[in-house]
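**Q** The structure's right below; bear with me while I get my questions together.
What follows is calculated from the coordinates using simple rules that are stated; it is not laboratory data. All of these numbers come straight from a predicted model, not from anything done at the bench. Because the Cβ atoms are built from the backbone with ideal geometry, glycine has one as well, and the counts that use them run over all protein chains shown.
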Amino acid sequence: MKKTYFASAVLFALTSGSLLAQTLVTVNGQAIDSSVIDAQVKAIRAENSEIRDTPALRRDLTERQVISTVVGQEAKRLKLDQSAEYKQALQQARTAADKSGASKKANFKTEWAVFEGELLGQAYAAHTAKQNPVQEKDVKAAYDDFSKFYKGTQEVQLGEIATTNSTNAEKAIAGLKAKKSFRSMLEQYSVDEQAKQAGGIPNAYVPLKDLKQSAPPLYNAVKDLKKGGFTAKPLQNGNVYSVFYVNDRRNITLPTYEQAKNGIARDLQAARIDASVQSLLQKANIKPAK
């Protein structure tokens, strides 16, 4: 979900010196202390020591904590924490933690607080879904829009040779023009070791319509290429120069309504829940510590 309208406040709190203070951010008057984030970082690193304690990690955790706090406040205002379902789920989780010995771990208090926040979030999501359910007419309308958008279009299966300079990218293109295989050019010039090991051709196909919206330069470079074609010039993205190869191209096969309806309904419901959370965040009074 988007967090841009409060991310700047969180970033300010983490970089302006307020990190030294106890309170990082207040959310509708409720403080989020640095000790909460410290404990979460400690718990994460206890599970995986390879995860580094970085400003980016702390920023992400703080943003998540802001969302959890806002949603938790609304859930409690609606008294969702007093429902039999919530209490039962909380009790079952605590019993399981006691039985497994998890409740005796040093980081359990932190992990339990995070779990309670997540459970409140689930309760709020269920409440929102109940109050604003997706109707079959909504699903049908979304399917019609989806069908119209993709009908008669194609999708491509793309390979990529990623290099760190234009010279190697041009050499890869020259090799492809000389009828050398994509795999051989990939192994010779690509700096992506994982792609080399996998063969460079993902199983997934990408609709050209999606490329047109999300990556116009790539779309323009491959839209007219046939199977076996490749970009005539390297595409630059920062310090990476890439050559794209069309391993396959085919017409899009649209799923039937019956095949797609459940997935569409889930997506629509998730979007409504997300919109509800966004509304809460927009109305919330989120202030970085002074």
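**Q** Can you compute 3J(HN,Hα) from phi for each residue in region 173-178, using the Karplus curve 6.51 cos²θ - 1.76 cosθ + 1.60 with θ = phi - 60°, rounded to whole Hz and x for Gly and Pro?
**A** Those phi angles translate into 5, 4, x, 5, 5, 7 Hz.
**Q** Then there is this: Each residue of region 198-207 in turn: what ³J(HN,Hα) in whole Hz from Karplus with 6.51, -1.76, 1.60 and θ = phi - 60°, glycine and Pro shown as x?
**A** Using θ = phi - 60°, the values come out as 8, x, x, 10, x, 5, 6, 9, 10, x Hz.
**Q** In terms of the ratio Rg/(2.2 N^0.38 Å) built on C-alpha atoms, what value belongs to region 152-251?
**A** Ratio of Rg to 2.2 N^0.38 Å for region 152-251: 1.00.
**Q** When the helix-only estimate is applied to the chain (DSSP H runs of n ≥ 4, each -39,500 (n - 2.57), divided by the residue count), what is the mean residue ellipticity at 222 nm, nearest 500 deg cm²/dmol?
**A** About -19000 deg cm²/dmol.
**Q** Let me ask another. Which residues does a label at residue 223 reach in region 133-149, if reach means a backbone N under 19 Å from a point 7 Å past the Cα toward the Cβ?
**A** 148-149
**Q** On to the next question. Note the angle between two axes, namely the Cα long axis of helix 84-100 and the longest principal axis of the Cα atoms of the chain, as a number of degrees from 0 to 90, rounded to the nearest 10.
**A** 80
**Q** Which whole-number percentage describes the relative contact order of the chain, with Cα contacts under 8 Å and a sequence gap of 6 or more? List each step's numbers first, then the result.
**A** Working: 343 pairs, mean separation 75.4, N = 290.
Value for the chain: 26 percent.
**Q** Quick check on packing: order 103-116, 203-216 by the mean number of other C-beta atoms within 10 Å, highest mean leading.
**A** Numbers: 103-116: 15.1, 203-216: 13.4.
Those peptides, ordered most packed to least, come out 103-116, 203-216.
**Q** Using the per-residue mean of other Cβ atoms lying within 10 Å as a proxy for protection, in what order, highest first, do the peptides 252-265, 167-180, 55-68 fall?
**A** Going by the mean number of other Cβ atoms within 10 Å, highest first, we get 55-68, 167-180, 252-265.
**Q** Binning at 5 Å from 0, report for the chain what percent of all alpha-carbon pair distances ends up in each bin.
**A** 1, 5, 9, 10, 10, 10, 10, 12, 12, 10, 7, 3, 1, 0, 0
**Q** Would you grab the residues whose amide H sits under 5 Å from the one on residue 165? Only those 5+ places off in sequence or on another chain, please, with H modelled 1.01 Å from N.
**A** 241
**Q** May I pose another question? Which residues' amide hydrogens lie under 5 Å from the amide hydrogen of residue 286, considering only partners 5 or more residues apart or on another chain, with H built in the peptide plane?
**A** So residue 286 has HN proximity to 28.
**Q** In terms of modelled amide H atoms, which long-range or inter-chain residues lie less than 5 Å from the amide H of residue 206?
**A** 156, 157, 158
**Q** In region 152-251, how many lysine pairs have Cα atoms under 18 Å apart, counting only pairs 8 or more places apart or on different chains?
**A** 20
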